[in-house]
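Here is the structure we will look at.
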């Protein structure tokens, strides 16, 4: 079982708090800045870190995260580099869960067994593969689960009930509900609609439900946090890091996330 993820959510639930899950793209603004940014996010109040694995065709991501992926790829960042960054982070942080978020191609290229062995050794706690639907992900999800890594799935406003039920059977750690139709970074968040959908999801899904897409500031984080188990925030953070640049990126990321944490706990 994904012990670090489960422990994090159990502690938050006991304290009546909502998980804060920031997303960053590994290798952006640089390989050297990534681990310091991860530590700064923990200091800023992150409960779980989603680490984006750069990919050349990130179809679910909006322009901000697409550009960050392009910048990381231009620096030669590979899946093996992201594993190495995670192992480096683990040397001084043994408790904060790290979830890889990305696409099937790099994992397929490495091979499922080799990837899962490397992820376990590096200290990865969960894996979310955007283009592995639950109907096709059974063997990979079982391999992850057998190695103590959570298979994490996306759900959206258009996910049919049968697929929600399939995700409920496979998912460990948490699931990620995409609160909007479209790509990451979109706007127009309707919290009452999110609350209705989460109620339907929870009838089939026993693990916590995080909500992302469209959360860009303290007010939207607080509103979503009132109805969800976790708030996932990516595009606005990635843009903050890009604007700050390499030298100031860690400090800017931590300070920005701290403001979200304060709003979420208010």
For a quick check of your reading: which helices (runs of 4 or more DSSP H) sit entirely within segment 59-137 and have at least 2 residues that are in contact with a helix residue (DSSP H, G or I) (Cβ under 6 Å, 6 or more places away or on another chain) and without any contact (Cβ under 8 Å) to a residue 12 or more places away in the chain? none
Are any of the residues in segment 194-204 in contact (Cβ under 8 Å) with a residue 12 or more places away in the chain and within 17 Å of the chain's Cα centre (by Cα)? no
Find the residue count for segment 241-260, including only residues that are under 20 Å from the mean Cα position of the chain (by Cα) and surrounded by fewer than 19 Cβ atoms within 10 Å (Cβ to Cβ). 4
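Of these, 252, 266, 226, 230, which one is within 21 Å of residue 52 (Cβ to Cβ), out of contact with any strand residue (DSSP E or B) (no Cβ under 6 Å at 6 or more places or on another chain) and touching a residue at least 12 places away in the same chain (Cβ under 8 Å)?
From the options 252, 266, 226, 230, the qualifying one is 252.
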Please specify each residue of segment 90-104 satisfying the condition of being surrounded by fewer than 19 Cβ atoms within 10 Å (Cβ to Cβ) and under 15 Å from residue 137 (Cβ atoms). 104
Identify, from the list 55, 23, the residue that is within 22 Å of residue 103 (Cβ to Cβ) and assigned to a strand (DSSP E or B). 23
Given the conditions (1) in contact (Cβ under 8 Å) with a residue 12 or more places away in the chain; (2) more than 18 Å from residue 252 (Cβ to Cβ), every one holds for residue 11 apart from (1)
Tell me yes or no: at least one residue of segment 184-197 is closer than 16 Å to residue 50 by Cα, crowded, with 19+ Cβ neighbours inside 10 Å and modelled with pLDDT under 95. yes
Just for segment 138-159: of the residues that are under 15 Å from residue 205 (Cβ atoms) and surrounded by 19 or more Cβ atoms within 10 Å (Cβ to Cβ), which one is farthest from the chain's Cα centre (by Cα)? 159
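The values are calculated or read from the model by the stated rules, or taken from the named source; none is laboratory data. Small disclaimer: the values here were computed from a predicted structure and weren't measured. We place every Cβ from the backbone using ideal geometry, glycine too, and count neighbours over all the protein chains shown.
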